[in-house]
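Asker: Quick one: the structure is below, questions incoming.
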Amino acid sequence: MAIRSALHHAGATALSELLQFPVPAADERSIPCPCGHQAGYQELRAKPVLTAVGGSTVSRPYYLCAHCHRGQFPADVELDIDHTEFSPGVRRMLATVGQDAPFDHGRQQMKLLADLEVTTKAVERTAEAIGADIAARQHNEIQRAMQLDLPMMVGEPVPILYVLMDGTGIPVVKKETEGRIGKKEGEPAHTREAKLGCVFTQTTWDGEGYPLRDPDSTTYVGAIETAEAFGKRLYLEAWKRGWSRTQKKVVMGDGSEWIWNQAALHFPTATQIVDLYHASGHLWELVRKLHPNDAASQNRWVMIHQDRLEAGKIEELVSGFRSIETSNTEVAEKIRIEADYFEKNAARMRYPEFRRQHLFVGTGVIEAGCKTVIGSRCKQSGMFWTVCGANAILALRCCQFNGEFEDYWEARRA
Ligand SMILES: [Zn+2]
């Protein structure tokens, strides 16, 4: 460690030497200003820059526009240190540790792994700035996708491509829930729903006919946003993953209405499947009301109804629910809600038919995604997010999970 420190120190000294820009030549003392006039060279100005080898100093020409009084450091733009005192290498580290764990943990990792002293706030600000930049680039791409302006994705045909959607609550600061109603009646909301989507492919199935997910084929998108905005985001991801050359398209989700609205809008030719795990979750919700505090009866009831569900006998399930007699209005209401749920989604629950086609009927991928991509970073106790901050970190995390982080820095350099 001592030798690493010494080498860093020597490196930072050498780097500072390299970062001493000369006074510009006589014919380079005037550069264009965005306002249309010319900015004139003023002087060399120094600023500290924290780099991968520690603190160094850059000294570079400063230009000022006499017309609009806007100052410029062209060297900062070239070095990608405009309006920041962290080098791109350090910002890449800060973004990586900041998306992975709480910001103060990131600060400690920077010290241990890179021997760099930064503040917790610097980890937060930098990670969020990089995440926001990734999100802004995606926004541009989404706009292009909506104008059908994307390049055709060439490549091998994709046998089966799945698009999955789900939502999960993220705890937010008070101002982000003003005027919103919480899950419990009469209580304010403490969370905002983050929507998560994932895309994966399937080429084959096992000896018993069960589908096999292509290894490492899952990519994610996620944000706190409207269903409309999210639908477009997911459409872009599916497009990038080869939607246009897919032979069999599948959209999977729980019964939420927004999911099927977006599916109809952006993926109209896809087979729609209600995730079997979500569907059986509804059986459990109902039975808890029917047989409260009676685990044995609950298990027996769910076993019978789970069989019907997996057999795709949804009409039988629904008429069974509707024939349950109760004088309890709360239970009657729950029965009505769940009967409606299964009735409305019946066509998306033809599980034997889907199994014959060797399709997944329930995957757990999106639930796992909600935990790993969102929950483990954004739902730790004591965390309260702004929508802006959470969206930046989600953009960053999806970028990391999808293996696109280095591509992002490549695109920045370009
Ligand atoms: Zn100007």
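The values are calculated or read from the model by the stated rules, or taken from the named source; none is laboratory data. Please read these numbers as outputs of a predicted model, since none were measured by experiment. Backbone-built Cβ (ideal geometry, glycine too); neighbour counts: all protein chains shown. Just so you know, the surface numbers come from the protein's heavy atoms only, side chains and all, with ligands and any DNA or RNA stripped out. Shrake-Rupley method; radii C 1.70, N 1.55, O 1.52, S 1.80 Å.
Asker: Answer rounded, prolate or oblate for the chain, using the Cα gyration tensor with square roots of eigenvalues a ≥ b ≥ c: rounded when a/c is under 1.5, else prolate when a/b is larger than b/c, else oblate.
Answerer: Numbers: a/c = 2.50, a/b = 2.17, b/c = 1.16.
Prolate, because a/c is 1.5 or more and a/b exceeds b/c.
Asker: For the range 236-310, what log10 I(q)/I(0) values come out of the Debye formula at q = 0.28 1/Å, with one point per alpha carbon and no solvent?
Answerer: So the normalised log intensities work out to -1.24.
Asker: Starting from the exponent 0.38 and prefactor 2.2 Å, build the expected Rg for the range 269-414 from its residue count and divide its actual Cα Rg by it. Please report the intermediate quantities before stating the final value.
Answerer: Values: Rg = 20.7 Å, N = 146, 2.2 N^0.38 = 14.6 Å.
In units of the globular-protein estimate, the range 269-414 measures up at 1.41.
Asker: Still on this structure: With unit charges on the beta carbon (Lys/Arg positive, Asp/Glu negative), name the residue among 326, 395, 295 whose Cα is farthest towards the positive pole of the charge dipole of the range 266-414.
Answerer: Checking the options against the dipole of the range 266-414, the answer is 395.
Asker: Starting at the first residue of the range 195-200, write each ³J(HN,Hα) from the Karplus equation 6.51 cos²θ - 1.76 cosθ + 1.60 with θ = phi - 60°, in whole Hz, x for Gly and Pro.
Answerer: Running phi through 6.51 cos²θ - 1.76 cosθ + 1.60 with θ = phi - 60° gives 9, 10, x, 9, 10, 8 Hz.
Asker: Considering only 126, 101, 88, whose Cα is most displaced toward the positive end of the charge dipole of the range 1-126, charges sitting on Cβ of Lys, Arg (+1) and Asp, Glu (-1)?
Answerer: Positive-most Cα among the choices belongs to 101.
Asker: Can you run phi through the Karplus equation (6.51, -1.76, 1.60; θ = phi - 60°) for the range 319-335 and list ³J(HN,Hα) in whole Hz, with x for Gly and Pro?
Answerer: Residue by residue, the range 319-335 yields 5, x, 4, 5, 8, 5, 9, 8, 9, 7, 5, 5, 5, 4, 5, 5, 4 Hz.
Asker: Now, a different point. Along the range 86-96, what does the Karplus equation 6.51 cos²θ - 1.76 cosθ + 1.60 (θ = phi - 60°) give for ³J(HN,Hα), rounded to whole Hz, x for Gly and Pro?
Answerer: Karplus values, whole Hz, x for Gly and Pro: 10, 5, x, x, 6, 5, 5, 5, 4, 5, 5.
Asker: Please report, in debye to the nearest 20, how large the charge dipole of the chain is about its Cα centre when each Lys and Arg carries +1 at its beta carbon and each Asp and Glu carries -1 there.
Answerer: Its charge dipole is roughly 200 debye.
Asker: Dipole magnitude of the range 309-401 about its Cα centre, charges +1 at Lys/Arg Cβ and -1 at Asp/Glu Cβ only, in debye to the nearest 20? Please list the in-between numbers first.
Answerer: Numbers: 13 positive and 11 negative charges, 115 e Å.
The dipole of the range 309-401 has a size of about 560 debye.
Asker: Let me ask another. Taking the Cα centre of the chain as the origin and placing charges on Cβ (Lys, Arg +1; Asp, Glu -1), which of 230, 3, 171 is farthest toward the positive end of the dipole?
Answerer: 171
Asker: Right, another one. Please list 253-260, 360-367 highest first by mean number of surrounding beta-carbon atoms within 10 Å per residue.
Answerer: Order by mean packing, descending: 360-367, 253-260.
Asker: How large is log10 I(q)/I(0) at q = 0.16, 0.17, 0.18, 0.24 Å⁻¹ when the Debye formula is applied to the Cα atoms of the range 276-360, each weighted equally and without solvent?
Answerer: -0.60, -0.67, -0.74, -1.23
Asker: Where does the charge balance sit around residue 10 when Lys and Arg score +1, Asp and Glu -1, over other residues with C-beta under 12 Å from its C-beta? Before the final figure, lay out each step's value.
Answerer: On the way: positive: 4; negative: 17.
Neighbourhood net charge equals 0.
Asker: Still on this structure, please answer the following. Check residue 57: other-chain or 5+ apart residues with amide H under 5 Å from its amide H, H built from backbone geometry?
Answerer: 16, 49
Asker: If you roll a 1.4 angstrom probe over the protein chains with everything in place, what fraction of the accessible area of the chain belongs to carbon and sulfur, to the nearest %? Walk me through the intermediate numbers first.
Answerer: Working: 11620 of 21570 Å².
C and S fraction of accessible area: 54 percent.
Asker: Still on this structure, I have one more. GNM, the chain, Cα, under 10 Å: largest mean-square fluctuation among 394, 113, 19?
Answerer: Judging by the Gaussian network model, the answer is 113.
Asker: How much solvent-accessible surface does residue 289 expose, in Å² to the nearest 10, with a 1.4 Å probe and all protein chains in place?
Answerer: Looks like 80 Å² after rounding.
Asker: In addition: Over the range 1-152, average the accessible area per residue using a 1.4 Å probe and give it in Å², no decimals. Working shown, then result.
Answerer: Details: 8660 Å² over 152 residues.
Solvent-accessible surface per residue comes out at 57 Å².
Asker: Work through the residues other than residue 122 whose Cβ is under 14 Å from its Cβ and net out their charges, Lys, Arg +1 and Asp, Glu -1. Walk me through the numbers on the way to the answer.
Answerer: Working: positive: 91, 92, 107, 111, 121, 125; negative: 85, 104, 117, 124, 128.
After counting each charged neighbour, the total is +1.
Asker: Sticking with this one: Which of the cysteines in the chain are isolated, no other cysteine C-beta under 4.7 Å?
Answerer: By the Cβ distance rule, which asks for a partner under 4.7 Å, the isolated cysteines are 198, 370, 378, 388, 398, 399.
Asker: Cross-link list 47/175; 344/379; 248/313: which exceed 26 angstrom alpha carbon to alpha carbon?
Answerer: Beyond 26 Å: 47/175; 344/379.
Asker: Once you order the gyration tensor axes a ≥ b ≥ c over the Cα atoms, which shape class does the range 129-207 get: rounded for a/c under 1.5, otherwise prolate or oblate by comparing a/b with b/c? Don't skip to the answer; put the middle values down first.
Answerer: Details: a/c = 3.25, a/b = 1.63, b/c = 1.99.
Verdict is oblate for the range 129-207.
Asker: Where Rh denotes the Kirkwood radius from the mean inverse Cα pair distance, what is Rg over Rh for the range 50-200?
Answerer: On the way: Rg = 21.5 Å, Rh = 19.9 Å.
Radius of gyration over Kirkwood radius for the range 50-200 works out to 1.08.
Asker: Ignoring everything except DSSP H segments at least 4 long, calculate the 222 nm mean residue ellipticity for the chain; use -39,500 (n - 2.57) per segment, divide by total residues, nearest 500. Let's see the in-between values first.
Answerer: Working: 15 runs with 190 residues, N = 414.
The helix contribution divided over the chain gives -14500 deg cm²/dmol.
Asker: What's the magnitude of the charge dipole for the range 40-152 around its Cα centre, counting Lys and Arg as +1 and Asp and Glu as -1 at the beta-carbon? Answer in Debye, nearest 20. Mind dumping the intermediate values first?
Answerer: On the way: 12 positive and 15 negative charges, 34 e Å.
Charge dipole, the range 40-152, about its Cα centre: 160 debye, nearest 20.
Asker: Over the range 264-414, average the accessible area per residue using a 1.4 Å probe and give it in Å², no decimals. Kindly include the intermediate steps, with their values, before the conclusion.
Answerer: Working: 7560 Å² over 151 residues.
Per residue, the range 264-414 has 50 Å² of solvent-accessible surface.
Asker: Which of these, 401, 21, 103, has the largest mean-square fluctuation under a Gaussian network model of the chain (Cα springs below 10 Å)?
Answerer: Highest fluctuation of the listed residues: 21.
Asker: Would you look at the GNM of the chain, springs on alpha carbons closer than 10 Å, and say which of 132, 392, 25 moves the most?
Answerer: For the chain, modelled as a Gaussian network with Cα springs under 10 Å, the answer is 25.
Asker: Give me the distance between the Cα centres of the range 1-37 and the range 387-414, rounded to whole Å.
Answerer: Each part reduced to its Cα centre gives a spacing of 27 Å.
Asker: Here is a follow-up. Is the shape of the range 325-377 rounded, prolate or oblate, going by the alpha carbon gyration tensor and its root eigenvalues a ≥ b ≥ c, with a/c under 1.5 for rounded and a/b larger than b/c for prolate?
Answerer: Values: a/c = 4.24, a/b = 1.35, b/c = 3.14.
Judged from the Cα gyration tensor, the range 325-377 comes out oblate (a/c at least 1.5, b/c at or above a/b).
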